Amino acid sequence: MKITKVEAFALYLPVHIDVLDLDQTAGLSMCMVRIETDQGQVGWGITGITEEEVIAEVVNKVAGPAIIGLDPLAHEMIWNKLYWLLSPRGQSGYASHAIAAIDIALWDIKGKVMEQPVWRLLGGARPKVPVYATFGYGFFDRDHIGEAAKLWVANGFTGLKMTVGDGATKRRDEPRPIAEVIKEDRERVRTVREAVGGEIDLYV
């Protein structure tokens, strides 16, 4: 079996949020990767919260062509090849996003070929895994963010992950001074902790 086609698509999806009397639209950026084999299998991968257009270019122009003709089931070999191809001076950033999306697509193919769910191929070490809710978009003010946290806890979540750094690294808009962002984030985290108490796991 060989990889015959790799293509990436940059997507930017509007997400409507209607909670706590707020009516807001946020954006979700992601890059989808589609890999085809000579035997007709198709695998899909995804990476998000990044500059989706850049990731798509990395996949379409560099990473994708480098793995054409390789065995899609040899995902560890492919991961290692891309790791050094894309990032000889530091494995992070756009390169890691591109590799991740390709790797997920290869696991998707492997699961289909072996007719097994990917969680079982990964070892199936536990019958269940903990989950958390990601929340705290920048348009939530401090009062709203505390109430939103309570809402997630009321829905059964024992872990919450807050988005932080709003505006500090954006390329689409003018960035905010980092000291200002950190100061505001400290207050937002404090607000959430006071709202949900000490028993809830809080991540940023």
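The values are calculated or read from the model by the stated rules, or taken from the named source; none is laboratory data. Predicted model, so just to flag it, every value in this text is computed and none were measured. All Cβ positions, even for glycine, are placed from backbone atoms using ideal geometry, and neighbour counts span all protein chains on display.
Between Ile55, Ile35, the distinction of being under 30 Å from Ala148 (Cβ atoms) and in contact (Cβ under 8 Å) with a residue 24 or more places away in the chain belongs to Ile55 only.
Applying the set (1) in contact with a Ser or Thr (Cβ under 6 Å, 6 or more places away or on another chain); (2) of a type in the set (A, V, I, L, M, F, W, C); (3) surrounded by fewer than 13 Cβ atoms within 10 Å (Cβ to Cβ) to Cys31 leaves exactly one unmet item: (3). If I filter segment 144-153 for residues that are under 28 Å from Val54 (Cβ atoms), part of a helix (DSSP H, G or I) and in contact with a Gly (Cβ under 7 Å, 6 or more places away or on another chain), do I get at least one hit? No: segment 144-153 contains no residue that is under 28 Å from Val54 (Cβ atoms), part of a helix (DSSP H, G or I) and in contact with a Gly (Cβ under 7 Å, 6 or more places away or on another chain).
Taken together, the criteria place Ala101 among residues that are within 16 Å of the chain's Cα centre (by Cα), at pLDDT 95 or above, aliphatic (A, V, I, L, M) and buried (at least 17 other Cβ atoms within 10 Å of the Cβ).
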